[in-house]
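Taking it in order: structure first as structure tokens, then the write-up.
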Amino acid sequence: MTTDTHRTIEAVWRIESARLIASLARMLRDVGLAEELAQDALVVALEQWPQSGVPDNPGAWLMTTAKHRAIDRLRRSKLLERKHVQLMHELESEQEQQVSAVETSLDDPIGDDLLRLMFTACHPVLTVEARVALTLRLLGGLTTEEIARAFLVSDSTIAQRIVRAKRSLAKAEVPFEVPRGDELAARLSSVLGVIYLVFNEGYSATAGDDWMRPGLCEEALRLGRVLAGLMPREPEVHGLVALMEIQASRSKARVRPTGEPVLLLEQNRAQWDRLLIGRGLLALERAEKLGGAGGPYALQAAIAACHARALTADATDWARIATLYATLAQLAPSPVVELNRAVALSMAFGPAAGLALVDTLTTEPSLANYHLLPTVRGDLLTKLGRFDEAHVEFERAAALTQNMRERELLQERARVCAAKPAI
């Protein structure tokens with residue numbers, strides 16, 4: 001019974017923790033204290049529910065318990081100075097309300113509190129690594145150990161990032177609010193960037209023994225869907241959701257039962273999730289109707305849609321993909337975008353066309369340790385029959401990647417090239 005109750009508590013925490021922390025942070029104006037009080041409520045649940053049973057509305061129970069703790073904390077810390085009197089009155093007033101009123105508020109659609117928490121956790125005052133850790137902790141309900149395991153770093157590293165992030169937010173006196181006007185676009189970009197970074201780490205793990213970490217993909221997709229519900233008029237939010245939905249649709253086809261990666265053109269498209277593709281195309285349509293067809297995430301989603309609509313690899317509209325990458329390169333210039341455009345050019349117009357662009361990127365400093373540059377160059381050289389050169393490129397790519405599965409794939413491709421005579 002106790003084990004079942006603990007599992008229930010864990011599930012409730014994953015669902016309710018973000019809303020709980022967001023509500024407390026709004027009242028207390030302190031994200032760190034809000035999380036601490038929410039955790040206190042969780043500890044009480046772990047102590048009491050195995051004996052008393054799970055409440056009919058566990059989320060309301062946690063919220064009420066956390067608010068009681070907030071009042072007690074304020075009293076103990078003697079924060080009844082003039083500037084805190086109003087807050088104390090608000091908390092005590094809420095404490096006296098009927099539990100049913102709390103339940104009603106919890107059953108309402110997700111409100112502004114959660115949106116404020118997203119913008120706070122992803123504030124540019126924090127490093128990208130800190131934003132990711134804090135977002136997964138506060139909005140995903142993941143433990144320090146789970147985040148550390150997902151990113152293959154020590155528990156202490158993640159714990160330090162989270163502690164420092166809270167301190168930085170407090171020191172900078174970051175307001176618990178959604179920015180307005182011109183500031184909104186910049187801050188929204190940070191939120192979207194964090195969510196997509198989490199997704200990408202799950203989709204193509206940068207290090208470790210696994211090609212993918214599906215849990216991170218699922219968490220990023222969940223956060224993206226929540227954000228789309230909170231900001232339905234922002235086209236780039238729908239563009240990001242569209243991109244993640246379509247990319248996630250390929251997950252089952254990307255990995256063999258034994259764990260080896262399967263490249264895009266070799267995937268069994270019958271294994272692609274048509275429901276996720278449908279959701280992605282619908283999100284892309286929403287972005288376009290809101291005037292966001294030219295946004296960076298919407299453009300990437302449009303590229304992913306070209307693949308999703310092609311029932312076979314040969315049916316892919318590579319010329320359109322190359323055009324979309326060219327548009328993306330103008331909007332957000334990047335050597336990585338150019339590398340992707342080179343792949344599209346090679347598929348649409350032949351490997352020589354792609355190699356010509358790739359060769360212009362070999363002196364780009366930002367790609368010096370980027371394993372996909374020699375990977376792409378090795379692939380194009382192979383198609384041109386220049387196996388000796390391709391062998392060197394695949395060996396170099398294998399040495400650069402930190403992902404074991406990807407390294408094995410690249411080493412195998414290098415061996416194949418070494419075994420072939422030059423043309």
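The values are calculated or read from the model by the stated rules, or taken from the named source; none is laboratory data. Everything numeric here is computed off the predicted structure, so don't read it as measured data. For neighbour counting, all protein chains shown are included, and Cβ atoms are generated from backbone atoms with ideal geometry for every residue, glycine included.
Here are some notes:
- Criterion: out of contact with any Leu (no Cβ under 7 Å at 6 or more places or on another chain) and farther than 20 Å from C306 by Cβ - qualifying residue of F394, F387, F349: F387
- Among the residues of segment 309-333, the ones that are outside any helix (DSSP H, G or I) and among the hydroxyl-bearing types (S, T, Y) come to 2 in all.
- Scanning segment 145-183 for residues that are touching a residue at least 24 places away in the same chain (Cβ under 8 Å), under 19 Å from L216 (Cβ atoms) and assigned to a loop (DSSP other than H, G, I, E, B) yields a total of 1.
- A Cβ distance below 7 Å, combined with a sequence gap of six or more or placement on separate chains, defines the contacts here; from segment 392-416, residues that are farther than 15 Å from A207 by Cβ and charged (D, E, K, R) reach residues that are at pLDDT 95 or above and surrounded by 15 or more Cβ atoms within 10 Å (Cβ to Cβ) in the pairs E393/P374; E393/R377; E393/G378; E393/L381; E395/A414; R396/P374; R413/G378; R413/F394.
- Within segment 16-35, residues that are more than 19 Å from D72 (Cβ to Cβ) and in contact (Cβ under 8 Å) with a residue 60 or more places away in the chain have Cβ atoms under 7 Å from residues that are buried (at least 19 other Cβ atoms within 10 Å of the Cβ) and hydroxyl-bearing (S, T, Y) in these pairs: V31/T120, counting only partners at least 6 apart in sequence or on another chain.
- Any hit, segment 1-11, residues being outside any helix (DSSP H, G or I) and either within 24 Å of R75 (Cα to Cα) or not basic (K, R) (or both): yes
Here is a yes/no grid of residues against (1) part of a loop (DSSP other than H, G, I, E, B); (2) among the charged types (D, E, K, R); (3) within 26 Å of A348 (Cα to Cα):
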| position | (1), (2), (3) |
| --- | --- |
| L275 | no, no, no |
| G280 | no, no, yes |
| E288 | no, yes, yes |
| A298 | no, no, yes |
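- Across segment 311-328, the number of residues qualifying as farther than 17 Å from L243 by Cβ and either buried (at least 22 other Cβ atoms within 10 Å of the Cβ) or within 26 Å of the chain's Cα centre (by Cα) (or both) comes to 2.
Rundown of residues vs (1) in contact with a helix residue (DSSP H, G or I) (Cβ under 7 Å, 6 or more places away or on another chain); (2) of a type in the set (A, V, I, L, M, F, W, C), yes/no style:
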{"site": "T135", "(1), (2)": "yes, no"}
{"site": "G141", "(1), (2)": "yes, no"}
{"site": "S156", "(1), (2)": "no, no"}
{"site": "I162", "(1), (2)": "yes, yes"}
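- Some residue of segment 247-260 being out of contact with any Asp or Glu (no Cβ under 6 Å at 6 or more places or on another chain) and closer than 28 Å to E16 by Cβ: yes
- A207 at pLDDT 90 or above and out of contact with any Asp or Glu (no Cβ under 7 Å at 6 or more places or on another chain): no
- Just one residue in the set R309, R254, R320, R250 is under 29 Å from V358 (Cβ atoms) and touching a strand residue (DSSP E or B) at 6+ places or on another chain (Cβ under 8 Å); that residue is R254.
- Residue, modelled with the highest pLDDT, within segment 144-190, restricted to residues that are loosely packed, with under 15 Cβ neighbours inside 10 Å and of a type in the set (D, E): D155
- Listed by first and then second residue, the pairs linking a residue in segment 50-64 that is farther than 13 Å from T8 by Cβ and small (G, A, S) to a residue that is at pLDDT below 90 and surrounded by fewer than 16 Cβ atoms within 10 Å (Cβ to Cβ), with Cβ atoms under 8 Å apart and 6 or more places separating them unless they lie on different chains, are A60/V99.
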